[in-house]
Amino acid sequence: MQTIAVRNADLVLQHLDRGDARRAQALFDPAVRRRLPARRLGHAWRQAVSVHGGLTAWQLDSVAVPEEPGAPTVVRLACRTPGPALTAVVTVAPDGGLLDLQVRPTVLAWEPPTYADIEEFDEVETVMGAGDTAVGGTLTIPHGNGTVPAVVLLSGMGPFDRDMTTGSNRIGRDLAWGLATRGIAVARYDNPSHGAPERATRPGAVAMDDYRPVPDAVRQLGQHSRVDAARITLAGHSMGGKIAPRVAALLDDDRRASLGGLILLAADAAPMPEAAVRVVKHLATHPGTGVDRRDVRRTVRQARRAAGPRLRQSTPTSRLPFGLPASFWLDLRRYDPVATARQSGLPLLLLQGGRDYQVTVEDDLALWRQGLADHPDVTVREVPEDDHFFLPGTGPSLPRDYEQPGHLDQQVVDTIADWIHAH
């Protein structure tokens, strides 16, 4: 069985690498073939691999042979590209039919950034939230006496873990350890959708779902003997930044009184359907991203439905952007992040990467600046060389950049730490 599994895993990569999606599809189990048309398989492959410049070579990495009779074999193939290394994970049935194929960035060993000193803090594992949104979390507490300010990190929406892992990068851990080195406690947690990605696409899902643990994270920080309970800041990245003002507004009186401010990192303000079209048009203009004019046309149609007057809870998810249900889009329409941030009365720090193509200076930061022009305490910092994850670089930003090993820009850590200590 192992020989058949390895052979078919190698064959499916050969066919897909040559652009022969039909022959690749024929290797899958009949039940999988019925729901995986060759065209969709080929498109998914291009999006997963072309963004990195295509495969240059691959070789067998490992074979996980099942202990129980009738269970599938998992074959892992190490793939080289002009960009970051990838791993193809192929699940094979006992008869040799393929059950699943996933291509993932190969995760390299993570090293702490130079601005983090692990001798300056301790970490405590905990559970944040309750019920079906109870998740694993970490409190990062600086050494020393007296009380310190604190931050709750809100990652982007989706299956992010508490470290905001992207490829080999851990910008959430970078930020937590960098701030703790500067005398600031940090709480971070795994998004509820991290362990259950289907949560984000089920009927009734809304953007707030990944941020339900935040009130409990604020509570745990506020009760810690090392934390100044009146100086807790919410720091959100991407959707986490967009939703942070809403989270603050929904806190109960005691927890809201604990807030010392909001930090919005690459927080989007433009309507999300418009942003979806802008992003896919950007990607379509760069060869090797796996995005073409067909993707642009489909995204335009989906965005119009998401923003249009005929959107209903019953609108099929397949007809909407990102596979997110109508409930998500209808709920987001009722939320104005800029107005909510202004009405909060909290001190605000906004950071924006100049190379960010997902949330941009022109389309999003301009709206924040305009809407907060009369806010009594708002600070805006642009970091021209940074992308959406505040990883420094040069030239147009593309998805493959996120897979290159790096660290959150120290400028960002220092700016946040200085701002918190000043407030």
With respect to the numbered conditions (1) under 21 Å from the mean Cα position of the chain (by Cα); (2) β-branched (V, I, T); (3) closer than 30 Å to A48 by Cβ, which one is the sole condition not fulfilled by T91?
-> (1)
Does L98 meet the test of being among the aliphatic types (A, V, I, L, M) and under 30 Å from R173 (Cβ atoms)?
-> no
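Out of R246, R319, I need the residue that is more than 18 Å from L350 (Cβ to Cβ) and open to solvent by 30 Å² or more (accessible area, probe 1.4 Å). Which one? Reasoning before the result, please.
Details: R246 fails: more than 18 Å from L350 (Cβ to Cβ).
Matching residue, one of R246, R319: R319.
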Selection over segment 379-423 where residues are in contact with a strand residue (DSSP E or B) (Cβ under 6 Å, 6 or more places away or on another chain), assigned to a loop (DSSP other than H, G, I, E, B) and without any contact (Cβ under 8 Å) to a residue 60 or more places away in the chain yields a count of 3
Taking into account only those residues within segment 213-229 that are more than 13 Å from G136 (Cα to Cα) and charged (D, E, K, R), which is most open to solvent (accessible area, probe 1.4 Å)?
-> R219
How many residues are out of contact with any Pro (no Cβ under 7 Å at 6 or more places or on another chain) and either charged (D, E, K, R) or in a loop (DSSP other than H, G, I, E, B) (or both) when one looks only at segment 358-378?
-> 12
With respect to E111, is the statement that it is over 19 Å from the mean Cα position of the chain (by Cα) and outside any strand (DSSP E or B) true?
-> yes
Residues of segment 137-156 being surrounded by 23 or more Cβ atoms within 10 Å (Cβ to Cβ), closer than 30 Å to P84 by Cα and not small (G, A, S), in sequence order, are L153, L154
Filter segment 5-32 for residues that are closer than 14 Å to R76 by Cα and of a type in the set (V, I, T); the one that is surrounded by the most Cβ atoms within 10 Å (Cβ to Cβ) is V12
Would you check if there is a residue in segment 119-136 being at positive phi, exposed (fewer than 14 other Cβ atoms within 10 Å of the Cβ) and either of a type in the set (G, A, S) or free of Cβ contacts under 8 Å to residues at least 60 places away in the same chain (or both)?
-> yes
Out of V227, V247, which single residue is among the β-branched types (V, I, T) and under 29 Å from D364 (Cα atoms)?
-> V247
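The values are calculated or read from the model by the stated rules, or taken from the named source; none is laboratory data. Since this is a predicted model, take the numbers as computed values, not measurements. No Cβ is skipped: glycine too gets one built from the backbone with ideal geometry, and neighbour counts run over all protein chains shown. Accessible surface areas use protein heavy atoms only, side chains included; no ligands, DNA or RNA. Shrake-Rupley method; radii C 1.70, N 1.55, O 1.52, S 1.80 Å.
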